[in-house]
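No lab work stands behind these numbers, since they all come straight from the coordinates. Every value quoted in this text rests on a predicted model; they were computed, and no experiment measured them. Cβ placement follows ideal geometry from the backbone for every residue including glycine, while neighbour counts extend to all protein chains displayed.
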Amino acid sequence: MAKKILLIEDDPDIAGLIMHYLKAEHFDVDHVSDGNAGLAAVRRLRPDLVLLDLMLPGLDGLAVNRMIKQDPKLSGIPVVIVTAKGEETDRVVGLEMGADDYVVKPFHPKELVARVKAVLRRRESLTAPTDRLSIGPVSIDAARHEALFEGVPVALTAKEFDLLFALMRQAGRVMDRNALLDAVWGGDYEGTDRTVDVHVRRLRKKMGQTAPWLETVKQIGYRFREEG
């Protein structure tokens with residue numbers, strides 16, 4: 001079954017070019033041209049991935065991304081930001097808000113398609129073969145994108161969930177920041193390891209009393225405790 005991509009882009013020429021290349025790779029593509037319609041389409045279509053421009057009429061791209069990541073029913077949908085705004089601050093803000101990748105215009109459409117495929121592969125790799133883990137008070141189901149802390153469901157962004165899953169898969173082992181960046185953001189991520197620290201901080205806040213299970217190993221990285 002073809003993966004469904006939702007493209008939220010207000011430039012008709014760029015949108016047409018992106019859709020042409022995605023459809024040539026057998027993706028099922030829907031397109032809307034403003035932020036409000038884009039958010040409504042995410043809720044209606046539940047796509048496998050969202051391609052999101054930042055500079056949009058109505059709601060801007062950062063607002064759309066934030067609302068996707070704050071909605072428990074949508075937060076697991078990967079988001080790739082596509083924009084002419086290439087400054088480092090814009091890139092960091094987008095990624096730290098839960099976006100899965102960031103592509104700066106002008107770009108070659110084949111590069112964008114490769115990024116889309118990479119994000120989808122990373123998401124699939126995190127759901128198989130082990131898609132359920134339970135350690136101490138924390139349980140996660142990757143296939144359902146569900147996290148339970150002391151039996152209580154907690155809404156995590158896609159990156160928070162992927163980070164927790166990566167750490168729990170290696171429970172008892174220390175994972176340095178570079179290893180976590182590679183596992184969760186991919187080897188072509190251009191940001192800094194500060195992104196890992198920001199996401200760990202947000203994850204701990206949501207974990208509440210279960211946060212001590214996620215340990216900091218000074219000057220190295222992080223470790224999820226083993227039981228016992």
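I'm checking a number: the convex hull volume of the Cα atoms of region 1-84, normalised per residue, in Å³. What is it?
Working: hull volume 6.5 nm³, N = 84.
Enclosed volume per residue, from the Cα hull, is 78 Å³.
Assign unit charges at the C-beta atoms only (+1 for Lys and Arg, -1 for Asp and Glu), then state the dipole size of the chain relative to its Cα centre in Debye, rounded to the nearest 20. All intermediate terms of the calculation are to be shown ahead of the outcome.
Working: 33 positive and 35 negative charges, 141 e Å.
Once rounded to the nearest 20, the dipole reads 680 debye.
Taking springs between alpha-carbon atoms closer than 10 angstrom, which of Lys23, Lys69, Lys218 fluctuates most in the Gaussian network model of the chain?
Between Lys23, Lys69, Lys218, it is Lys218 that shows the largest mean-square fluctuation.
Considering the Cα positions of region 119-178, please state its Rg to one decimal place and its Dmax as a whole number of Å.
11.2, 31
Taking only Cα atoms, what is the 0 to 90° angle, nearest 10, from helix 109-125's long axis to the longest principal axis of the chain?
30
What ratio of Cα Rg to 2.2 N^0.38 Å holds for region 132-224?
Region 132-224 yields a ratio of 1.00.
Could you tell me which label, among [x] 1.01; [y] 1.08; [z] 1.53, carries the value of Cα Rg over 2.2 N^0.38 Å calculated for this structure?
[x]
Give a residue-ordered list of calculated ³J(HN,Hα) values for region 34-50 (Karplus: 6.51 cos²θ - 1.76 cosθ + 1.60, θ = phi - 60°; whole Hz; x for Gly, Pro).
Result, rounded to whole Hz: 9, x, 5, 5, x, 5, 4, 5, 4, 5, 7, 8, 6, x, 6, 7, 10.
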